Amino acid sequence: MDKPMTAEEAARQLRQPQGEDGIRMGEKMNRSNKLLYDMTLDFMPLQAGDRILEIGMGNGHFISELFQQQAALHYTGLDMSDVMVQEAIKENESRIKAGKVEIICGTAEEMTFPSEAFTKVFGVNVLYFWDAPDIALKAIHRVLIPGGQLVLAFRSKETMEQLPFVDQGFTLYDIPSAKSLLEKNGFIVSEINTAVEPQKLAADGSKLVQLENICMRGIKN
C-alpha cells in the first residue's frame, strides 16, 4: 500500500510529477481528471486539419480521445515534467512514429514554437501552476492563428479550497478572475460552461470532495 503523501508532497507531484511517485500521481490524475477532460473535449469540437497544442498533457493518457473525435489532426503536447513526457511518449508511440503526435518537455512561459503554429491550444488543470500567467498567455496568443481558440479547463476557487494541498503553491481562480486574466492578454472570452462533479476522492487520496468544473473559451483578438 502506498504511503500517504503530505500536502506538500501532493502539491509538488501535481505541479511537476517526479520519480515513481510522479508516475503513480499521473495515473491518479487520469482518474481525477476524466470528467473534466471529457467536458473539455465536448466544449472544443475538433476539425480536420486542426493543429492542437495541449499544455500539461501529463502521461498522455487522453491523447487518443482527441483522435477518436477527429483523426485528421496534428497534436503537440507540452509538459514541464520529464517523467510525464517519457510516459506520454510510451503511451503514444505509434502516433509519434506516424508523425501525428509530438511530445515536448517545456513550459508555456518559455515555449519557442513558431508564431501562428496552432489552431487551438488547451490545458486541463494547469492554470493554477502558471507562476507568470501573463507571460504564459502572451506566449499562447503568439502561437495561435488569428481567431484561434484557447480553452482552459479548471476547478473553481470555491470548491478547490476544500483540498488540503492547494495552499502549497496553487493559484486559484473563479470565473471573473480567469475571464479578466484572458481579456487583459488579448483574448475575447466567448463562452463559459460549468458543471458540478459527483462526489469523489481527491487526487491525493486524502478525502472525498465535490468539485465545480469550468471550461472557458478565449478567441485570439
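The values are calculated or read from the model by the stated rules, or taken from the named source; none is laboratory data. All of these numbers come straight from a predicted model, not from anything done at the bench. Every residue, glycine among them, receives a Cβ derived from its backbone with ideal geometry; neighbour counts consider all protein chains shown. To get the accessible areas, we keep the full protein, side chains included, count just its heavy atoms, and leave off ligands, DNA and RNA. Shrake-Rupley method; radii C 1.70, N 1.55, O 1.52, S 1.80 Å.
What to note about this one:
- Selection within segment 3-16 - open to solvent by 70 Å² or more (accessible area, probe 1.4 Å) and touching a residue at least 24 places away in the same chain (Cβ under 8 Å): P4, E8, R12
- Any hit, segment 153-163, residues being within 22 Å of M111 (Cβ to Cβ) and in contact with a Ser or Thr (Cβ under 6 Å, 6 or more places away or on another chain): yes
- Strands (runs of 3 or more DSSP E) within segment 85-157 that include 1 or more residues basic (K, R), touching a Leu at 6+ places or on another chain (Cβ under 8 Å) and under 30 Å from Q210 (Cβ atoms): 118-124, 144-155
- Residue in segment 69-79 that is at pLDDT 95 or above, part of a loop (DSSP other than H, G, I, E, B) and surrounded by 13 or more Cβ atoms within 10 Å (Cβ to Cβ) present: yes
- Hits in segment 84-100 (condition: in contact with an Asp or Glu (Cβ under 9 Å, 6 or more places away or on another chain) and open to solvent by less than 30 Å² (accessible area, probe 1.4 Å)): V85, A88
- Residue satisfying all of: in segment 155-182; of a type in the set (S, T, Y) and over 17 Å from the mean Cα position of the chain (by Cα); nearest to N221 (Cα to Cα) among these: S180
- Close pairs from segment 149-177: first over 16 Å from L35 (Cβ atoms), partner of a type in the set (K, R) and outside any strand (DSSP E or B), Cβ under 7 Å, at least 6 apart: G169/R15; L172/K157; Y173/K157; D174/K157
- Among (1) in contact with a Phe, Trp or Tyr (Cβ under 9 Å, 6 or more places away or on another chain); (2) free of Cβ contacts under 8 Å to residues at least 60 places away in the same chain, the one test that A98 misses: (1)
- Residue satisfying condition, being charged (D, E, K, R) and open to solvent by less than 20 Å² (accessible area, probe 1.4 Å), within set R155, R217: R155
- Pairs linking a residue in segment 115-134 that is over 10 Å from I145 (Cβ atoms) to a residue that is open to solvent by 30 Å² or more (accessible area, probe 1.4 Å) and part of a helix (DSSP H, G or I), with Cβ atoms under 7 Å and 6 or more positions apart or on different chains, are F129/R15.
- Considering only residues in segment 168-205 that are hydroxyl-bearing (S, T, Y) and touching a Phe, Trp or Tyr at 6+ places or on another chain (Cβ under 8 Å), the one that is nearest to D42 (Cα to Cα) turns out to be Y173.
- One residue stands out in segment 188-209 among those that are under 21 Å from R15 (Cα atoms) and not aliphatic (A, V, I, L, M): the one that is most open to solvent (accessible area, probe 1.4 Å), namely K207.
Okay, residues lined up against (1) β-branched (V, I, T); (2) free of Cβ contacts under 8 Å to residues at least 12 places away in the same chain; (3) farther than 25 Å from M160 by Cβ; (4) touching a Cys at 6+ places or on another chain (Cβ under 8 Å):
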position: I55; (1), (2), (3), (4): yes, no, no, no
position: G60; (1), (2), (3), (4): no, no, no, no
position: L66; (1), (2), (3), (4): no, no, yes, no
position: D82; (1), (2), (3), (4): no, no, yes, yes
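- Taking segment 17-43 as the range and being open to solvent by 10 Å² or more (accessible area, probe 1.4 Å), within 25 Å of E212 (Cβ to Cβ) and not in a helix (DSSP H, G or I) as the test, no residue passes.
- Within segment 178-187, if we keep just the residues that are assigned to a helix (DSSP H, G or I) and more than 15 Å from F129 (Cα to Cα), the residue that is least open to solvent (accessible area, probe 1.4 Å) turns out to be L182.
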